[in-house]
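Enquirer: Here you go, one structure.
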Amino acid sequence: MPHVHERRRHDRTPLVYPVTVRDRIGRIVFRGRSSDVTPCGIRLIGPCGTGIRLGGQVWVELWVPNLRRRGPRNRVVKLQGEVRRTMNIGDWKGVVVVFSSNFSPSLLAPVG
């Protein structure tokens, strides 16, 4: 089997959280879940038929679980970015959002 050279700059961290994507004026354009994350972006998966557009500026809201006994069950992490890729996956849609600034994927770890 031939060796395939990895061209990605950053490792992907598998992460599965509920996600809501909003456009610049706050309308929901996509709902689904995260698939994986890097310091530069995130891959999302959700049902087709959403209003997300290639090149659009968006806010990604991730619902990260809170493992503590007290307080809210989830915390919302909001990240700004641009939709760089969309792909149809059967009845689902894959979306790649590149963040406006780098961040640490460890910020998305469940609080506990």
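The values are calculated or read from the model by the stated rules, or taken from the named source; none is laboratory data. Keep in mind it's a predicted model, so treat the numbers as computed, not measured. Here the Cβ is made from the backbone with ideal geometry for all residues, glycine too, and neighbour counts use every protein chain on show.
Enquirer: Is one or more of the residues making up segment 80-97 at pLDDT 80 or above, within 12 Å of Leu44 (Cβ to Cβ), polar (S, T, N, Q) and over 12 Å from the mean Cα position of the chain (by Cα)? Walk me through how you get there before you give the answer.
Expert: Just the residues of segment 80-97 that are at pLDDT 80 or above, to begin with: 80-97.
Retained after the next criterion (residues that are within 12 Å of Leu44 (Cβ to Cβ)): 81, 83-87, 89, 92-97.
After this cut, where a residue has to be polar (S, T, N, Q) as well, the list is 86.
After this cut, where a residue has to be over 12 Å from the mean Cα position of the chain (by Cα) as well, the list is 86.
Yes, segment 80-97 contains a residue that is at pLDDT 80 or above, within 12 Å of Leu44 (Cβ to Cβ), polar (S, T, N, Q) and over 12 Å from the mean Cα position of the chain (by Cα).
Enquirer: Across segment 31-79, what is the total count of residues that are among the aliphatic types (A, V, I, L, M) and either closer than 19 Å to Gly90 by Cβ or loosely packed, with under 15 Cβ neighbours inside 10 Å (or both)? Explain how you work it out, then say what you get.
Expert: So the first thing to find is which residues in segment 31-79 are among the aliphatic types (A, V, I, L, M), and the list is 37, 42, 44-45, 52, 54, 58, 60, 62, 64, 67, 76-77, 79.
In the following step, the residues that additionally are either closer than 19 Å to Gly90 by Cβ or loosely packed, with under 15 Cβ neighbours inside 10 Å (or both) were identified as 44-45, 52, 54, 67, 76.
Final tally of qualifying residues: 6.
Enquirer: Would you be able to say whether some residue in segment 21-39 is at pLDDT below 90 and in contact with a His (Cβ under 6 Å, 6 or more places away or on another chain)?
Expert: Scanning segment 21-39, I find at least one residue that is at pLDDT below 90 and in contact with a His (Cβ under 6 Å, 6 or more places away or on another chain), so the answer is yes.
Enquirer: Here is a further query. I'd like the residue in segment 1-20 that is surrounded by 12 or more Cβ atoms within 10 Å (Cβ to Cβ) and assigned to a loop (DSSP other than H, G, I, E, B) and, out of all such residues, is modelled with the highest pLDDT.
Expert: Looking at the filtered set, the residue picked out is Tyr17.
Enquirer: A follow-up question, please. Which residues, counting only those in segment 38-78, are under 14 Å from Ser101 (Cα atoms) and assigned to a strand (DSSP E or B)?
Expert: We begin by selecting, within segment 38-78, every residue under 14 Å from Ser101 (Cα atoms); these are 38-42, 57-60, 78.
Hits for segment 38-78 are Gly41, Ile42, Gln57, Val58, Trp59, Val60, Lys78.
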